[in-house]
Amino acid sequence: MNQPDILQEVDLHQLKVTDAFLGQYQRLVRDVVIPYQWDALNDRIPEADPSHAIENFEIAAGRKEGEFYGMVFQDSDVAKWLEAVAWSLCQKPDAELEKTADDVIELVEAAQCEDGYLNTWFTVKAPDERWTNLAECHELYCAGHMIEAGVAFFQATGKRRLLDVVCRLADHIDRVFGPGVNQLHGYPGHPEIELALMRLYEVTDNPRYLNLVNYFVEERGAQPHFYDIEYEKRGRTSHWNIHGPAWMVKDKAYSQAHEPLALQQTAIGHAVRFVYLMAGVAHLARLHKDEEKRQTCLRLWDNMVQRQLYITGGIGSQSSGEAFSSDYDLPNDTVYAESCASIGLMMYARRMLQMEADSRFADVMERALYNTVLGGMALDGKHFFYVNPLEVHPKTLAFNHIYDHVKPVRQRWFGCACCPPNIARVLTSLGHYIYTPQPEALYVHLYVGNEMAVPVSGKDLRLKISGNYPWDEQIDIAVTSPQAVQHTIALRLPDWCENPQVLLNGENCEGEIRKGYLHLNREWQEGDRISLTLPMPVRRVYGNPLLRHIAGKVAVQRGPLVYCLEEADNGAELHNLYLPKESTFSLIEGKGLFAHKVLIQADGERKSCEQASSQALYHYDNSPVKTAAKKLTFIPWFSWANRGEGEMRIWVNGE
């Protein structure tokens, strides 16, 4: 085994998001979402499904009497809220919020068992059943999220209390699991702890955590199968019976445990589990310098992106199991595309970029962020999508139960509330996704307005990115370092941009393009300016001929943003609209709800017939349908469903 090489990442204390667009989202999370979710965790939102998550910890800590309420993974909502708070405190100190988080951490510590175990469901409901149902019961998943919260709170505040809690938890897990005779030879049914333990290893430098991740990854899919062994040991009982007894045990591909990871060829199973697992594996592959695991990450990434990725950056096309389907099976109206899955996809992409600076990973990361992740939360910060459809016909949803998972408007909260706090924590930690600092270069992946500093050879390289991305094509990168710094700045050239242009101090500059990044090496001095122009014409997007659900259809994209038609602008029966090949697009400045956003209009057609409801259901030879001109208005897809219930579709009849 080679000595691992710890990668430097941007300290979020040294990065301030100033972006007019995404900065607004960060403020929304800080001012609205975090307080709102705190109320939800404390059951103070009458219209929302109860959470009981804080009270579960109070019961486990012996501070209250009562019964556990909620999902077996309810603890994870508290952990993700704590992580969002941690990253938010990096942006703007808030003594009151920090005190609230400190109190929650004290509560979490009080709920921890003497041996380090921490899980309120088992502590309150079934203390004798700990570690007896890894396939179904999310103990390691909850532990992973709490570990991530502990790492984040330590990095954000310097306080060790939660970090010490999660180290005791990780040490307990390390004693329970492993190859020893008296250890469990198992691994999580819901991956997450793998990526969490990698983060804990980087903070503590404790090799036990890295080795434990390697054990979980290597043991996955080994025969005889651990899920079968523990199922027999507990008398063939199941926690979930949604799809029949022990379906999570029997459908091993659902949790990517059907065979060893090194043999797996396709992205398969529960989409969130897949990307969480692969984020951890990519991190492990880099630090272990493990070429086999690196190739596994690349192989499974390619299958997912080339055959199972929605135009919106959504993954997981079927509601059954929140899972991937077969290659090229990407329906628009029954799609699942869970918000958490796109967040996990960003995490996977980020770890791949740390391992290999290739813009194809950042292109997908950007697609997921600006479309599905942003679309998962309403513009008011108080309503959320769990499922992210590309086409909605509200009149059908109430009657056809194949759409039971699809909602025409965002919801206040969920009984299974994994997505809202996940969106909050990824938006508050956005700085981790903008850059990758490497010894040879500072890689710029996302053109989010920000000011940052990163150490280079004992000096600080300071940059300020400004512009009006993703609405305007012009991006300005100013060097603000007080001392000259010799280094390479590598700029991503997005896949959607055909003719990027770069000026350095007003002059054409030469640089080497490698794997989608323009490398500019020089002694950077205060006052140096890079002017990056990324032309953003409206582009038609067509699907691979194997994508049967979008045959004969076209989508509209500008920059990284996918656009859609909504009933509020175009009337009902969106399926009767047509976008001709010769139509030209015009940009219009949004107003009201769409202020500071760019909308798109085009001359199209509407097909209709008089008194259609009185016509025969089918016609021979001659159709009564007439075609009339119709101005089509496209809005950014992430902003749909903010004006009430109505039809929506991304893919339009066209050529």
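List every residue whose amide H lies under 5 Å from the amide H of H258, counting only residues 5 or more places away in sequence or on a different chain, with H placed 1.01 Å from N in the peptide plane.
A253
What order, most packed first, do the peptides 404-411, 123-130 have when packing is the mean number of other Cβ atoms within 10 Å of each residue?
Taking the mean over residues of other Cβ atoms within 10 Å, the ranking is 404-411, 123-130.
For a distance above 23 Å, tell me the whole-number percent of Cα pairs in region 438-533 that qualify.
18 percent
Which net charge results for the neighbourhood of P331, defined as the other residues with beta-carbon distances under 13 angstrom from its beta-carbon, given Lys and Arg at +1 and Asp and Glu at -1?
0
Treating the beta-carbon of each Lys and Arg as +1 and of each Asp and Glu as -1, no other charges, what is the dipole magnitude of region 250-328 about its Cα centre, to the nearest 20 debye?
Roughly 140 debye, rounded to the nearest 20.
I'd like the Karplus ³J(HN,Hα) series for region 637-646: coefficients 6.51, -1.76, 1.60, θ = phi - 60°, whole numbers in Hz, and an x wherever there's a Gly or Pro.
Ordered by residue, 3J(HN,Hα) equals 4, 4, 9, 5, 6, 9, 10, x, 7, x Hz.
Any idea which of W81, Q601, L546 is furthest toward the positive side of the dipole for the chain, if Lys and Arg beta-carbons carry +1 and Asp and Glu beta-carbons -1?
After comparing all options, I get Q601.
Determine the percent antiparallel among the DSSP beta bridges restricted to region 438-533, to the nearest 5.
Among the beta bridges of region 438-533, antiparallel pairing accounts for roughly 90 percent.
Region 184-224: Rg/Rh from Cα coordinates, Kirkwood Rh?
Here Rg/Rh amounts to 1.01.
Give the share of C-alpha pairs in each 5 angstrom bin for region 364-436, from 0 to the last occupied bin, in whole percents, shortest bins first.
Per 5 Å bin, starting at zero, the Cα-Cα P(r) for region 364-436 comes out as 3, 14, 23, 23, 17, 11, 5, 3, 1, 0 percent.
Where both residues lie in the chain, what percent of DSSP beta bridges are antiparallel, nearest 5?
Working: 74 of 81 bridges.
Here the antiparallel bridges make up roughly 90 percent for the chain.
Above 41 angstrom, tally the Cα pairs of the chain and express them as a % of all pairs, no decimals.
Working: 57932 of 214185 pairs.
When every Cα pair of the chain is considered, 27 percent fall beyond 41 Å.
Only four residue types carry charge here, +1 at the Cβ of Lys and Arg and -1 at the Cβ of Asp and Glu. Report the dipole size of the chain about the Cα centre in Debye, rounded to the nearest 20.
In debye, rounded to 20, the chain gives about 940.
Determine the equivalent ellipsoid of region 539-654 by diagonalising the alpha-carbon gyration tensor, then write out the semi-axes as square roots of 5 times the eigenvalues, largest first, rounded to whole Å.
Over the Cα atoms of region 539-654, the ellipsoid semi-axes are 26, 18, 13 Å.
Can you sort T312, T633 by how many other beta carbons sit within 10 Å, fewest first?
Ranked by crowding around the Cβ, least crowded first: T633, T312.
By per-residue mean of other Cβ atoms within 10 Å, what is the highest-first order of 434-441, 50-57?
In descending order of packing, they fall as 50-57, 434-441.
How far is the Cα center of region 94-118 from the Cα center of region 5-71, in Å?
13 Å
Taking K and R as +1 and D and E as -1, what net charge do the other residues with C-beta under 15 Å from the C-beta of V203 add up to? It would help to have the intermediate numbers written out before the result.
Values: positive: K159, R160, R161, R168, R199, R208; negative: E9, D11, E83, E148, D164, D171, E202, D205.
Surrounding charge for V203 is -2.
Go through region 493-510 residue by residue and turn each phi into a ³J(HN,Hα) via Karplus (6.51, -1.76, 1.60, θ = phi - 60°); whole Hz please, and just put x for glycine and proline.
Values, residue by residue: 9, x, 5, 7, 9, 7, 9, x, 10, 10, 10, 10, 6, x, 10, 4, 10, 9 Hz.
Per 5 Å bin, what is the whole-percent P(r) computed from every C-alpha pair distance within region 1-143?
2, 9, 15, 18, 16, 13, 12, 9, 5, 1, 0
Which percent of the Cα-Cα distances in region 125-182 go past 16 Å?
52 percent
What order do you get for 287-299, 61-73 when each peptide is scored by the mean count of other beta carbon atoms within 10 Å, highest first?
Numbers: 287-299: 17.4, 61-73: 14.8.
Ranking the peptides 287-299, 61-73 by packing returns 287-299, 61-73.
Compute the Rg/Rh shape ratio of region 65-206: radius of gyration over Kirkwood radius, all on alpha-carbon atoms.
Ratio of gyration radius to Kirkwood radius: 0.97.
In whole Å, how far is the Cα centre of region 252-303 from that of region 186-242?
Distance between centres, Cα-based: 14 Å.
Using Cα-Cα distances under 8 Å and only pairs 6 or more residues apart, what relative contact order does region 309-355 have, in percent?
36 percent
I want the local charge near G646. Using Cβ-Cβ distances under 14 Å, sum +1 for each Lys or Arg and -1 for each Asp or Glu among the other residues. Don't skip to the answer; put the middle values down first.
Details: positive: K395, K407, R410, R643, R649; negative: E391, E566, E567, D569, E573, E645, E647.
Cβ neighbours under 14 Å give a net charge of -2.
Only the coordinates and a few stated rules stand behind these numbers; no lab work does. Note that the structure is predicted; figures quoted are calculated from it, not measured. Heads up, the Cβs are rebuilt from the backbone with ideal geometry, glycines too, and the neighbour counts pull from every protein chain shown.
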